[in-house]
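What follows is a set of notes on a single structure, which appears directly below.
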Amino acid sequence: MIPNAPEIGKLLFIICFWICAIFLPVWLVSWAVGVLLPMLLEQGSPSMAMTATAETLRALTPIISVMVFIPINAMFMVLYERRALALFTVRLGPNRVGPDGLLQTAADAVKLLFKEDITPRGADAFMFTLAPIIFFAPSIFGALPLLAAITNNHSLYQITNLPTGIFYILAAASLPVVALVMAGWSSNNKYSLVGGLRAAAQAISYEIPLVLSLVTVCLMAGSLDVVKIAQQQDGGILNWNIAGGGALRGLDKAIQTKLGVETTPLITPQQSSDPTETPVAAPTTFEEVIHQYYPFEFLSYISAGVLIFCSFILLGLYLTGACAEINRIPFDLPEAESELVSGYNTEYSGIKFAIFFLAEFTNLFIVSSIATVMFLGGGDNPIPQWLLNKMPLEPIQKSLGAILSPFINGLHLIDPDTFWAAFWVIFKVYTFVFIAILIRGTLPRFRIDQLMDFGWKRLVPLSLIAFLVVVFARVLVVCHG
Amino acid sequence: MDQYMILKDYVSSADAETALFYVIAILAISLSVGVISDRNIIRSGFILIGVFGAISGLFLMLQAQFLALAQVMIYAVGITLVVVIALMLTNPRSEREAVITEGDEFSQETGAVQFIQRLQQGTPAFVAVFSFFTIYLAIRSESWTPVTEKVSTDNVKVLGEALTTVYSLPFEFASVLLLAALIGAIMLAKAEKRQPAIESAED
């Protein structure tokens, strides 16, 4: 039926293999650093140095797991992209190194490390070296608040939970453009300089719709804290920000009441903020719950619909802006291979080029995980709780628990709260990455004037309008926050 | 275990904070000296980003997270723009070829003109010293009232409430001013349509 079914099968095999190859080391390393070593140290001799070392190790867990994650993930994503593009364009893709080209990018990485590192004559050597470092650093520390959000605020990752989470991520995301201009200027090459200038113009234009779309999501959530935003969206696809920022939460709760699922008492923000008012008895029927969440009847239903429409627009705006921020096709003007011979990194080779490459793919991953946390509920199960209760999952859960209990209780190797969250996050993020690759395989590159027109005349007004509409629509519905 | 607690107390004590302040302050000062002493304008633009990074570190020490992040976000992008404009307006090759000729700059001028020129050169130094002492005296004056109350951990909320209630008028004034500047910039940069009379005269 599908003529290229074997190719799709091979791609799926590569994805499964590499995801195991990424996340098993990350898991084991973070477990060893965060749980095992401190435990051994504290059991051995409870002296000052030991306790201090144990605490330091626990505090360092997030950064160490990120450091392990980034290089392996970049290797996987390059292969994923090449194989998926080959699939879209009916080619074979890399298929020589290892079974089905499985180890192609690992070999490429080793090759890049051993290449000669060249600094061109007339280049500003210091800036030339500094640029890849500044480009790479934000992708390490910028993603840290997301770790707390996607692990359900696990105690080891709590240290990365900032009250200004999303603002911190955006501030970190605005730094790489400095590095691109720096790289373009210090290379002493006209193509590189043009690439750097284009990067500056593009990043500044597309940062506005990107930030405005995220600000609107924060407005719907009533918080800048990514952990809070992720936790608000718990309980199935109807609670996610993509479904109107909680506009469908009332529907979810109403169905729960109708099906008689045990729920927490529903207290709307207005009631909780006023202590003198006597608490209203929890509504018991479908209609009452609907009335509580949609107080203005018909107007509320309309505004809920508007909110859902707006949040789809916001996701689109975010993905467009993010695509431009990380210089991916169709916005890869700064490194346009056919016009600028890969722009700002023309003169880079060896390890410095590898760092640019690493940071680009890490940024793609980070952008996808921001979308996951802000729009798709972070590590939340897409199936609503009331539907999950109907499914015959009890025996499966019990047998899984029996098999895994020595790991959970004895070694603390598996954290039951984080395990499924991690699974869903990985699934959602790589779906976004797949969409990015699909777009790369579909759309041609923008011209620079089209790029500016599209950014300033379409996206910026659209994001402002969406912002205003959301401000007014969310008054009529009881949302998150 | 006790020693460990002592160590922990020390790390979060005022002494460590002061030491960290000096580290960041020295970094900021030496980078800003770098900005004015570097002969290459683009390089000094990049160093300026470092200065603002160090200042955002000072904001972080004062637990003003939002201000620190806004500092990074606005200045990183803003100064990149400055660098880009500097790139467009300067010619790097001419800078490299320029021979530095100090000393015989004023040789052809008469004494009075020389004196005025030296005075003009001294003006920035005078302004710098004057404003430094003004700010120094203002900071060291007795009229400050230190508050012992703890900083709110959710200071974004406090800041937002202050901006929309107590300080809403200054905030709106600032945004109107920015709007005016924006419109003015567009008016200045807009390409003027040539009047047909002049065009025919040129022909």
Item checked: Out of A:Ile208, A:Ile237, A:Ile255, sole residue that is farther than 25 Å from A:Asp453 by Cα and either at the interface with another protein chain (Cβ under 9 Å from one of its Cβ atoms) or in contact with a Gly (Cβ under 9 Å, 6 or more places away or on another chain) (or both) -> A:Ile237
Check: Can you name the condition, by its number, that A:Leu193 falls short on among (1) under 21 Å from A:Ser139 (Cα atoms); (2) within 11 Å of chain B (Cβ to nearest Cβ); (3) not charged (D, E, K, R)?
Finding: (1)
Item checked: Residue among A:Gly250, A:Gly236, A:Gly246, A:Gly165 that alone is touching a His at 6+ places or on another chain (Cβ under 6 Å) and not hydrophobic (A, V, I, L, M, F, W, C) -> A:Gly246
Notebook entry, point to check: On the given criteria, is A:Ala304 surrounded by 20 or more Cβ atoms within 10 Å (Cβ to Cβ), in a loop (DSSP other than H, G, I, E, B), among the hydrophobic types (A, V, I, L, M, F, W, C) and at pLDDT 75 or above?
Noted result: no
Check: Does at least one position in region A:160-171 carry a residue that is among the polar types (S, T, N, Q), at the interface with another protein chain (Cβ under 9 Å from one of its Cβ atoms) and surrounded by 21 or more Cβ atoms within 10 Å (Cβ to Cβ)?
Finding: yes
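Let's see how each residue does on (1) assigned to a helix (DSSP H, G or I); (2) within 27 Å of A:Asp380 (Cα to Cα); (3) at pLDDT 90 or above:
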| position | (1), (2), (3) |
| --- | --- |
| A:Arg440 | yes, no, no |
| A:Arg445 | no, no, no |
| A:Leu451 | yes, no, no |
| A:Gly455 | yes, no, no |
| A:Leu462 | yes, no, yes |
| A:Ile465 | yes, no, yes |
| A:Leu468 | yes, no, yes |
| A:Val471 | yes, yes, no |
Check: Is it true that B:Val127 is farther than 24 Å from A:Ala201 by Cβ, more than 16 Å from the chain's Cα centre (by Cα) and either modelled with pLDDT of 85 or more or loosely packed, with under 10 Cβ neighbours inside 10 Å (or both)?
Finding: yes
Note to self: If I filter region A:213-228 down to residues being of a type in the set (A, V, I, L, M) and within 14 Å of chain B (Cβ to nearest Cβ), which single residue comes out as surrounded by the fewest Cβ atoms within 10 Å (Cβ to Cβ)?
What the structure shows: A:Leu219
Check: Do we find that A:Glu339 is surrounded by fewer than 18 Cβ atoms within 10 Å (Cβ to Cβ), free of Cβ contacts under 8 Å to residues at least 60 places away in the same chain and within 28 Å of A:Asp117 (Cβ to Cβ) in this structure?
Finding: yes
Next item on the list: Determine whether A:Tyr318 is assigned to a loop (DSSP other than H, G, I, E, B), in the same structural domain as A:Thr216 (by TED's automatic domain parsing) and either modelled with pLDDT of 75 or more or among the charged types (D, E, K, R) (or both).
Entry: no
Next item on the list: Can you confirm whether region B:18-28 contains a residue that is within 14 Å of chain A (Cβ to nearest Cβ), modelled with pLDDT of 90 or more and touching a Gly at 6+ places or on another chain (Cβ under 9 Å)?
Entry: no
Checklist line | Residues (without any contact (Cβ under 8 Å) to a residue 40 or more places away in the chain, in a helix (DSSP H, G or I) and within 14 Å of chain A (Cβ to nearest Cβ)) located in region B:118-164 | finding: B:Lys157, B:Val158, B:Gly160, B:Glu161, B:Thr164
Notebook entry, point to check: Filter region A:172-190 for residues that are polar (S, T, N, Q) and within 10 Å of chain B (Cβ to nearest Cβ); which is surrounded by the most Cβ atoms within 10 Å (Cβ to Cβ)?
Noted result: A:Ser186
Margin query: Looking only at region A:67-101, count every residue that is small (Gly, Ala, Ser) and modelled with pLDDT of 85 or more and tell me the total.
Written below: 3
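The values are calculated or read from the model by the stated rules, or taken from the named source; none is laboratory data. Everything numeric here is computed off the predicted structure, so don't read it as measured data. Neighbour counts run over all protein chains shown; Cβ positions are idealised from the backbone, glycine included.
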